[in-house]
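Trainee: What follows is a single structure, and I will ask about it in a moment.
The values are calculated or read from the model by the stated rules, or taken from the named source; none is laboratory data. Predicted model only: the values in this text are computed from it and were never measured. Here the Cβ positions follow ideal geometry from the backbone for every residue, glycine too, while neighbour counts run over all protein chains shown.
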Protein chains: 2
Amino acid sequence: MKNEIFNEKIKGFIVNINGQLTSGDKAKISIFDRGLLFGDSIYEVTSTINRKILFFTEHLNRLFNSADLISLPLNFSNDEIVQESIKTLEKLNCDNAYIRIIITRGLSFPSIDPTQFIANNLIIICMPSLNEPTFWQEEGIKVIIGNTIRNHKRSIDPNAKSGNYLNNIMALSEAKRRGFSDTIMCNSDGVITEGTTNNIWLIKNGVYKTPSLDSGLLKGITREKILTILKKKNLPIQETKITPEELINSEECFISSSTRGIVPITQINDKIIGDGTAGKKTKLLFDYYQEFLLQEMDKTPYSF
Amino acid sequence: MKNEIFNEKIKGFIVNINGQLTSGDKAKISIFDRGLLFGDSIYEVTSTINRKILFFTEHLNRLFNSADLISLPLNFSNDEIVQESIKTLEKLNCDNAYIRIIITRGLSFPSIDPTQFIANNLIIICMPSLNEPTFWQEEGIKVIIGNTIRNHKRSIDPNAKSGNYLNNIMALSEAKRRGFSDTIMCNSDGVITEGTTNNIWLIKNGVYKTPSLDSGLLKGITREKILTILKKKNLPIQETKITPEELINSEECFISSSTRGIVPITQINDKIIGDGTAGKKTKLLFDYYQEFLLQEMDKTPYSF
């Protein structure tokens, strides 16, 4: 993408840096921010539907959990983050918006010592919602089980949504090189963990299976919501260790994420899943999820 | 540190962003830079002694190697980076300077897809050299063998000096919490790799041992130079897999890094190494290294 086109695109975004609103093209930060130097930051992404913020409580809880996991003391309260988010969304003035909240540890240089830093920087980016391709739901996506190993829980815990994303970028890069949409990563024991920005699911003999948290993965909010829906519908669930062979030999397979919802997988490596189109049980769950979203949106305390 | 003090400090730094020189307090970058969003960048740090750049060829070679390892196409040539570095150092006008070169993949948002980005950003930070505590050489430092596992080679290769530093930050954090100077990390197989910003060495029965590269660690430039010196002096070397037990039970122990040179270790966890002061063979190597540095500095083609 050309610089001018990108610049034009971000002009329409609203960015909040420590309470100051600006358009995207003017949103800058010190190069001494540890977010830039070391990826020393945490973040969350969610969206709004009809001016209501999707699962904001859950996203904020996870933001604070990520802070704990990387020992990042926060000088912004939950209420301040909510207020600043709503202020930014109001300025964008768009019913269906994308919102990304980033908190960096702050400025310091040159030591990596995390105890030496200037106060956190809070950055909130709002833009009109992405129009993710809707054909995905019908046609599904093709993924690989790649060579990239998901970060070890004791290296950088995948449960911390942080500014260290090279592991995921390397995995996605591997998929793109081979003409696939995404890479499903194994951990160092060879067990399935997650996609680069999503959780993974399979269906076999009517059972909905997803890797257990101890496999080393992000506790996805959509993952949690799907577990809730499946329980309500009395459908059998297994959170368990899953091998690549088991995933490849599933009857149906799909990914879940906050930004994309539920997307069927129709091919893993060379293997076609089912008949190569979105599975029936996946489609049914997709409908359940849409219904659940509408109900939940009505209950949200966060709107603007 | 207070914001004002930090701001005052960086005012004296010179920062070069894509060829434009500015003082540190004015050096800013777009929040859409992938360096900030994902830690999607590479870097090198070296220093100057009497206006000569220390091992610049080696640092630049490693910068290009890091780019390869994270599949980062560079739109700056070796010569351009050299020219911009010298331009920045000339402006700082300080005989003994610290120089950090950062190249980010560029701007993109919101996808992590590394194939979608605007041209790289080159950031060069120059400041007067750090006055690292010289008592380290005499008194040594105390380290722990921590709980943090070094990034797996197939997750984020430790040989790529990148903007993903949380693994090292978490390890250093562990040491600081326990009142130690640094953490030596094991890999997921329990084998010693490196410190958070340095390579690790032990001496036993007259043999100088350091973890082999296949243990998963950065091929440190000072590590390479020490190997050269030891070979020249006909001292026995082993690059091999080292267990925590072996490290703890060594006769002497030290770390090596570009910014700190050679620093003795006098304690690992609860165990005092040798008599608790800098080891004799370590001190001898330190002297050899200082002598070697002077010789090499005279040969460097990079001065300003």
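Trainee: Take A:ILE149 and decide whether it is among the β-branched types (Val, Ile, Thr), buried (at least 24 other Cβ atoms within 10 Å of the Cβ) and farther than 30 Å from A:ASN249 by Cα.
Mentor: Details: among the β-branched types (Val, Ile, Thr): yes; buried (at least 24 other Cβ atoms within 10 Å of the Cβ): yes; farther than 30 Å from A:ASN249 by Cα: no.
In short, no.
Trainee: Of the conditions (1) touching a residue at least 24 places away in the same chain (Cβ under 8 Å); (2) touching a strand residue (DSSP E or B) at 6+ places or on another chain (Cβ under 8 Å); (3) surrounded by fewer than 19 Cβ atoms within 10 Å (Cβ to Cβ), B:ARG260 clears all except one; give me its number.
Mentor: Condition (2) is where B:ARG260 drops out.
Trainee: Can you tell me which residue in segment A:126-161 is modelled with the lowest pLDDT, limited to those that are within 28 Å of A:ASN93 (Cα to Cα) and not hydrophobic (A, V, I, L, M, F, W, C)?
Mentor: Ranking the qualifying residues of segment A:126-161, first place goes to A:PRO133.
Trainee: So in segment B:111-130, with the set limited to residues that are free of Cβ contacts under 8 Å to residues at least 24 places away in the same chain and facing chain A (nearest Cβ under 8 Å), which one is nearest to B:SER30 (Cα to Cα)? Give the derivation first.
Mentor: So in segment B:111-130, the residues free of Cβ contacts under 8 Å to residues at least 24 places away in the same chain come out as B:111, B:113, B:115-116, B:118.
Remaining after also requiring facing chain A (nearest Cβ under 8 Å): B:113, B:115-116, B:118.
Working: B:ASP113: 18, B:THR115: 19, B:GLN116: 16, B:ILE118: 12 Å.
Out of the qualifying residues, it is B:ILE118.
Trainee: In segment A:227-241, is there at least one residue being touching a residue at least 12 places away in the same chain (Cβ under 8 Å), crowded, with 22+ Cβ neighbours inside 10 Å and not charged (D, E, K, R)?
Mentor: no
Trainee: OK, next. If a residue counts only when it is under 25 Å from B:THR193 (Cα atoms) and of a type outside the set (A, V, I, L, M), which strands (runs of 3 or more DSSP E) contained entirely in segment B:74-151 have at least 1 such residues? Steps first, please.
Mentor: On the way: elements: B:97-104, B:121-128, B:141-149.
Hits in segment B:74-151: B:97-104, B:141-149.
Trainee: Could you tell me whether A:LEU107 is within 11 Å of another protein chain (Cβ to nearest Cβ), surrounded by fewer than 18 Cβ atoms within 10 Å (Cβ to Cβ) and in contact (Cβ under 8 Å) with a residue 60 or more places away in the chain?
Mentor: Values: within 11 Å of another protein chain (Cβ to nearest Cβ): yes; surrounded by fewer than 18 Cβ atoms within 10 Å (Cβ to Cβ): no; in contact (Cβ under 8 Å) with a residue 60 or more places away in the chain: yes.
No; evaluated as a whole, the condition is false for this residue.
Trainee: Which residue, of A:LEU72, A:LEU63, is within 12 Å of another protein chain (Cβ to nearest Cβ), buried (at least 20 other Cβ atoms within 10 Å of the Cβ) and within 21 Å of the chain's Cα centre (by Cα)?
Mentor: Values: A:LEU63 fails: within 12 Å of another protein chain (Cβ to nearest Cβ).
Result of the check over A:LEU72, A:LEU63: A:LEU72.
Trainee: Report those strands (runs of 3 or more DSSP E) wholly inside segment B:1-57 carrying at least 2 residues which are surrounded by 17 or more Cβ atoms within 10 Å (Cβ to Cβ).
Mentor: Working: elements: B:14-17, B:20-23, B:28-30, B:41-49.
So the answer is B:14-17, B:28-30, B:41-49.
Trainee: Filter segment B:174-192 down to the residues that are buried (at least 22 other Cβ atoms within 10 Å of the Cβ) and either without any contact (Cβ under 8 Å) to a residue 60 or more places away in the chain or basic (Lys, Arg) (or both) and list them by number.
Mentor: Here is the first cut: in segment B:174-192, the residues buried (at least 22 other Cβ atoms within 10 Å of the Cβ) are B:175, B:182-187, B:192.
Across segment B:174-192, the qualifying residues are B:ALA175, B:THR183, B:MET185, B:CYS186, B:ASN187, B:ILE192.
Trainee: Kindly provide the set of residues from segment A:162-211 that are more than 7 Å from chain B (Cβ to nearest Cβ), in a loop (DSSP other than H, G, I, E, B) and not polar (S, T, N, Q), ordered by number.
Mentor: Within segment A:162-211, A:ARG178, A:GLY179, A:PHE180, A:ASP189, A:GLY190, A:VAL191, A:GLY195, A:GLY206 meet the criteria.
Trainee: Can you say whether A:LYS219 is surrounded by fewer than 16 Cβ atoms within 10 Å (Cβ to Cβ), basic (Lys, Arg), touching a Leu at 6+ places or on another chain (Cβ under 9 Å) and in contact (Cβ under 8 Å) with a residue 24 or more places away in the chain, as far as the supplied structure shows?
Mentor: Working: surrounded by fewer than 16 Cβ atoms within 10 Å (Cβ to Cβ): yes; basic (Lys, Arg): yes; touching a Leu at 6+ places or on another chain (Cβ under 9 Å): yes; in contact (Cβ under 8 Å) with a residue 24 or more places away in the chain: yes.
Taking the combined requirement at face value, the residue satisfies it.
Trainee: Just to be sure I understand, how many residues within segment B:217-252 are touching a Phe, Trp or Tyr at 6+ places or on another chain (Cβ under 8 Å) and assigned to a loop (DSSP other than H, G, I, E, B)?
Mentor: The number of residues fulfilling the criteria is 3.
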